[in-house]
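The values are calculated or read from the model by the stated rules, or taken from the named source; none is laboratory data. This structure is a prediction, so every number in the text was calculated from the model and none was measured. Neighbour counts run over all protein chains shown; Cβ positions are idealised from the backbone, glycine included. Remember, those area values only see protein heavy atoms, side chains included, never the ligands or the DNA or RNA. Shrake-Rupley method; radii C 1.70, N 1.55, O 1.52, S 1.80 Å.
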Amino acid sequence: MSRFNIEKFRSHFPIFDQKSGSKEIVYFDNAATTQKPKAVLDKYAEYYSQYNANVHRASHQLSAKSTSAFEQSRQLVHKYINSKHLEEIIWTKGTTESVNLLSQSLGHLCINVGDEIIVSQSEHHANIVPWQILAEHKQAILRVVPLTDEGLFDLDVLKEMISSKTKVVSFAHVSNVIGKINPVKDIVSLCKQHKVISIVDGAQAIAHLQVDVQALDCDFYLFSTHKMYGPTGVGVLYGKKELLNKMPPYHGGGEMIKKVSFSGTTYNALPFKFEAGTPNISGIVAFSSALSFLESNSVKALFSYEEELTKYCYQKLLEISSLKFIYPTSPHVPVFSFVIESQHNHDVATYLDAHGIAVRSGHHCAMPLMESLGLDGCIRVSLAGYNTFDEVDHLIDTLNSFSNSESYTSFSDASIAPQSMKSEKASDRIIHQFSTIKGWDTRHREIMLMGKNHPRMDSAFKSESNLIQGCESSAWLSYKVDNGLYQFQADSDAKIIRGLLSIVLAAFNGKTKDQILAFDVEYYFECLGLTQHLSPSRANGLKAIVEKIYAISKE
Ligand code: PMP
């Protein structure tokens, strides 16, 4: 096996040439989407500048070229996952669309009142909600297989659950939160014994494992190309030909027909029967470059490098005593989910972000899993082939320094507790304070410090009516009016949000309705660097708080 050259592999990704502030970008959100190699970007330019034309339809040369590149990409996928027939590869927009296609088409084909569809507790919402919609529509029943203590699909429970009523079992090869490989072959073989259709959501597996759909023997295998160094907006639905031939189309339109007439329409052959309308031609063509790129770098060597990185990262994270994995034992692919004791997930994630490290915090589109664990969410660190051991070390150092940051002191000369300040100048003082500190990581520290010093709200005020909609974490706002002057009080379970609340209240507390409505909050946030640096979800949370204050003062 050829040795994996990480420096060379990483050098193909232009995004790493830039910095986050003064720091190198450490991208650990690969389970959400991976970065793209230059070959993929170049392929887009090649396609649009040399042979942009619609596929399959015209008799001109450009269309012939475009169709050939488009079909060449299908050939590469056919080989990459070892499907028996080329026409078993169907292009979709992504895993989500693939599940929707299956739920609708199989729904017409074989789901009736009282039939059962089985998924697991750890599924991504994309592999839950389409089945719920179908079950509701058909009065079918959605059943849920729990997980073993290690976070795997519990095969023993499936053995008990599966019956003559079961029509479909749909489950992830690898959960996007747990990172462990489910016993696919055993599940599929059990399904076959009971003549049940098996669907494997391969969205997280495809970037880290060599997938052979014939060896797995599943009826369907689904994935999105953006999670394996390819473009967004392209997905693959592999299905066994015999089943696909029996299934009715999902979308109707051009391309998927043989003949259209008001007296009756006939459908095209596979795979086109399921590819209505103009597909994402450029994305599909560019995906061929992602596959060629992977093959040219030796997929085997890449995956074995990832295995080493996974072991290393797991061991290092284990050494942080306050860190609790949501499931014990190492994940099989580099997806690590955990919480830090006594810390809010968003506080940890924003601290890491301020140090140039991109991770995810929240429910990861797996709310039922979080609920079963009694968690609001967790932090997810997900790695890819371009990540390095040094980056893992940087993560560990930063997590350790986060624990120490509890003893923060202010960087500015005059540390303030804005909520207690009634002066109109409170916001000016914050602007002044922030102007003396450079760099987002230092400003972020300051906001965290404000969050730490922010007075907590009495739990009696944390009512449903005081809850602020739009925040990813919970926040509450209450107020009173004295002589026409508004006094707001606010709280949140996340320290970073409390810091932001301090900043917002400094702008509005002790003011009249007219002063509140006249205050230029956008300019204020811009001065503090919030507009440029806050993540979209945090910025939306901030907007929701300000809007609630406006609504109150207009009452
Ligand atoms: N299933 C799993 C396991 C996933 O991780 C994801 C993406 N996070 C999806 C389905 C949905 O994929 P997409 O958004 O690309 O359709």
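Listed values, structure above:
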item: Count of residues meeting criterion [in a loop (DSSP other than H, G, I, E, B) and open to solvent by 20 Å² or more (accessible area, probe 1.4 Å)] in the stretch 33-50; result: 3
item: Residues located in the stretch 538-555, provided they are surrounded by 15 or more Cβ atoms within 10 Å (Cβ to Cβ) and farther than 23 Å from Asp514 by Cα; result: Arg538, Ala539, Gly541
item: Residues satisfying the stated conditions in the stretch 184-216, i.e. closer than 15 Å to Gly239 by Cβ, among the small types (Gly, Ala, Ser) and either within 15 Å of the ligand (Cβ to nearest atom) or in contact with a Lys or Arg (Cβ under 6 Å, 6 or more places away or on another chain) (or both); result: Gly202
item: Qualifying positions in the stretch 234-246 - within 16 Å of the ligand (Cβ to nearest atom) and touching a Phe, Trp or Tyr at 6+ places or on another chain (Cβ under 6 Å); result: Val234, Val236, Tyr238
item: Unique residue being touching a residue at least 60 places away in the same chain (Cβ under 8 Å), on the phi < 0 side of the Ramachandran plot, within 13 Å of the ligand (Cβ to nearest atom) and not in a loop (DSSP other than H, G, I, E, B) when the list is Leu101, Leu106; result: Leu101
item: Gly374, sole failed condition from (1) under 11 Å from the mean Cα position of the chain (by Cα); (2) on the phi > 0 side of the Ramachandran plot; result: (1)
item: Members of the stretch 134-178 that are within 16 Å of the ligand (Cβ to nearest atom) and more than 20 Å from Cys218 (Cβ to Cβ); result: Gly151, Val177
item: Checklist (1) open to solvent by less than 70 Å² (accessible area, probe 1.4 Å); (2) acidic (Asp, Glu); (3) not in a loop (DSSP other than H, G, I, E, B) applied to Glu255, failing item; result: (3)
item: Condition broken by Ile181, with the remaining ones in (1) open to solvent by 40 Å² or more (accessible area, probe 1.4 Å); (2) away from the ligand (no atom under 15 Å from the Cβ); (3) touching a residue at least 24 places away in the same chain (Cβ under 8 Å) satisfied; result: (2)
item: Scan of the stretch 88-98 for residues that are assigned to a helix (DSSP H, G or I) and open to solvent by 50 Å² or more (accessible area, probe 1.4 Å), ordered by number; result: Thr96
item: Residue under evaluation Lys93, criteria (1) of a type in the set (Lys, Arg); (2) under 30 Å from Phe389 (Cα atoms); (3) within 16 Å of the ligand (Cβ to nearest atom), criterion not met; result: (2)
item: Residue match in the stretch 343-353 (condition: touching a residue at least 60 places away in the same chain (Cβ under 8 Å) and farther than 27 Å from Met450 by Cβ); result: no
item: Pick from the stretch 218-233, criterion more than 9 Å from the ligand (Cβ to nearest atom), of a type outside the set (Phe, Trp, Tyr) and touching a Ser or Thr at 6+ places or on another chain (Cβ under 7 Å), ranking: most open to solvent (accessible area, probe 1.4 Å); result: Asp219
item: Boolean, Pro248 is open to solvent by 10 Å² or more (accessible area, probe 1.4 Å), part of a loop (DSSP other than H, G, I, E, B), in contact with a Ser or Thr (Cβ under 6 Å, 6 or more places away or on another chain) and not aromatic (Phe, Trp, Tyr); result: yes
